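Novice: Pasting in a structure now, in structure tokens, and then I'll have a few things to ask.
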Amino acid sequence: MRKTGARLKTFMRVACLLLPVAGCGESVPRVPVSGADPVRGKAAIERYGCVACHAIPGIANPGSNVGPPLNRFAKRAYIGGVLPNVPAELVRWLRDPPQADPRTAMPDIGISEPDAKDIAAYLYTLD
Ligand code: HEC
């Protein structure tokens with residue numbers, strides 16, 4: 001009986017340690033970006049030259065490391081460490097990063113709203 005109790009305690013300790021980690025790994029439920037098209041988004045990413053700073057899966061890139069690699073972007077909790085990773089905030093970020101975070105190194109590269117939505121749709125395919 002005592003042994004079972006000790007085992008249960010150990011199990012609970014391990015579970016409590018693991019649970020918050022499991023919570024962090026969960027993807028944020030997100031709605032698709034309305035009216036956007038990931039195929040157009042891929043073309044826009046190529047056109048704007050995002051790979052000058054980012055490694056992006058599915059897009060030929062020189063392996064630049066100026067900005068973070070955007071692999072598994074759909075699973076990320078925050079954008080630039082400051083905005084929750086949801087479509088409206090991602091579009092806001094893409095259109096003008098310094099407006100979201102004045103100290104960010106990602107410049108405003110003049111992305112139109114429809115292009116930002118298409119780009120967001122593509123980035124959310126990266127999970
Ligand atoms: C001049 C370099 C540069 C260019 C060009 C650039 N970025 Fe960035 N980007 C950065 C940097 C640096 C960061 C990190 C910013 C931060 O954390 O404050 C960043 C952050 C991001 C993030 C947030 C990533 C995260 O994990 O938080 C996304 C998404 C992103 N960029 C997408 C793009 C897309 C799409 C393009 C092209 C339209 C692009 N970037 C063009 C430098 C660049």
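The values are calculated or read from the model by the stated rules, or taken from the named source; none is laboratory data. What you are looking at is a predicted structure, and each value in this text was computed from that prediction instead of being measured. Note that we place each Cβ from the backbone using ideal geometry, even for glycine, and neighbour counts take in every protein chain shown. Heavy atoms of the whole protein, side chains included, go into the accessibility calculation; ligands, DNA and RNA do not. Shrake-Rupley method; radii C 1.70, N 1.55, O 1.52, S 1.80 Å.
Novice: Report every pair of residues separated by at least 6 positions or lying on different chains whose Cβ atoms are under 7 Å apart, first residue within the stretch 87-105 and under 17 Å from Tyr48 (Cα atoms), second outside any loop (DSSP other than H, G, I, E, B) and near the ligand (Cβ under 7 Å from one of its atoms).
Specialist: Within 7 Å, the pairs are Leu90/Ile79; Leu90/Leu123; Trp93/Ile79; Leu94/Ile119.
Novice: Ok, one more. Just checking, how many residues over the stretch 82-113 are within 7 Å of the ligand (Cβ to nearest atom) and acidic (Asp, Glu)?
Specialist: The total comes to 1.
Novice: Name the residue, out of Ala77, Ala43, Ala6, Ala15, that is modelled with pLDDT under 95, on the phi < 0 side of the Ramachandran plot, open to solvent by 40 Å² or more (accessible area, probe 1.4 Å) and small (Gly, Ala, Ser).
Specialist: Checking each option against the conditions leaves just Ala6.
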